[in-house]
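Down below is the structure, laid out as structure tokens.
The values are calculated or read from the model by the stated rules, or taken from the named source; none is laboratory data. These figures come from a predicted structure and were not determined experimentally. So basically every Cβ, Gly included, is an ideal-geometry build from the backbone, and we count neighbours across all protein chains shown. Just so you know, the surface numbers come from the protein's heavy atoms only, side chains and all, with ligands and any DNA or RNA stripped out. Shrake-Rupley method; radii C 1.70, N 1.55, O 1.52, S 1.80 Å.
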Amino acid sequence: MPSKKALVRRPSPRLAEGLVTHIERERVDADLAVEQWEAYVTALRAHGWDTIEVDPADDCPDSVFVEDTVVMYRNVALIARPGAESRRAETAGVEEAVAGLGCSVNWIWEPGTLEGGDVLKIGDTVYVGRGGRTNAAGVQQLRAAFEPLGARVVAVPVTKVLHLKSAVTALPDGTVIGHIPKMDTPSLFARFLPVPEEAGAHVVLLGGDKLLMAASAPKTAELFSDLGYEPVVVDISEFEKLEGCVTCLSVRLRELYT
């Protein structure tokens, strides 16, 4: 059976110092953030996900955004090389975690930079955002790692948001969803559904028709309900202040076989 494992990482006490790039800095309530993170992890577990807590990286303010540190394709873990130099210390603990799960481990090497938030997988198509945190060499190295395994890698320009998945994710049937004002090239996606709120562009597929999404997108949740999906809503307001979303807070490993 395919796996349902998810890597998560507890927020750093220095979370409020996290990077912001495309938005104005707001005060972050670190205690509330921990409560929201725990509720997020509980939601994953409640829907059958085995959560694996990566060792904390307390000196790395952005380390809770564990998705940026690794990209999974089948059982291969490609350890990222973050475009933000201050985040590069985050990868060691994640590398240890995925190796412990039996993954085949590869790496992005200098001069390449790549962050997992720039990678959207839909079946065997791997969209990778080329923007502020992921450079051309990173895209090339991802292509070299995954195309021999059967992936089709499609590069997508990203200029209006932090990462590709800040702008788009996908529904279980493969339809890409996004908030058009935050997208560079909606026409790249053959099956595309615009959503009315920026936060509505981000969903985590929990299994079946269940979609984990942010409480800050109620109109989009209603849209998804009308389409026959079941939104599972979590409040991640403190992480949204740091350009985070529901995808950033976990790495879902669906193709590990035991």
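Things to note:
- Within the stretch 32-139, the proportion of Cα pairs with more than 23 Å between them is 30 percent.
- Potential extension, residue 75-residue 39 segment - 0.36 nm per residue separation minus Cα distance: 10.2 nm
- Solvent-accessible area per residue for the chain (1.4 angstrom probe, square angstrom): 42 Å²
- The stretch 198-258, accessible surface, carbon-and-sulfur percent (1.4 angstrom probe): 49 percent
- Note: the chain, Cα convex hull, 112 Å³ per residue.
- Computed FRET value (nearest 0.05) for residue 27 with residue 182, which takes r as the C-beta separation and R₀ as 25 Å: 0.60
- The modelled label-to-label distance for the pair residue 125/residue 190, using points 7 Å beyond Cα in the direction of Cβ, is 0.6 nm.
- Placing a label point 7 Å from the Cα of residue 96 along the Cα-to-Cβ line, the residues of the stretch 1-29 whose backbone N sits under 18 Å from it are 7-13.
- Once the chain from residue 51 to residue 140 is taken as fully extended at 0.36 nm per residue, the excess over their C-alpha distance is 28.9 nm.
- Sites residue 219 and residue 14, calculated FRET efficiency, Cβ-Cβ separation with R0 30 Å, nearest 0.05: 0.30
- Inter-label distance, residue 175 to residue 107: 4.3 nm, where each label sits 7 Å from its Cα along the C-beta direction.
- Lysine-lysine proximity count for the chain, Cα under 15 Å, sequence distance 8 or more or distinct chains: 4
- Using a probe radius of 1.4 angstrom, the carbon and sulfur fraction of the accessible surface of the stretch 133-186 is 57%.
- Accessible surface of the stretch 8-97 [probe 1.4 Å, protein heavy atoms]: carbon and sulfur percent: 45 percent
- Helix-derived mean residue ellipticity, 222 nm - over the chain, DSSP H n ≥ 4, -39500 (n - 2.57), to 500: -6000 deg cm²/dmol
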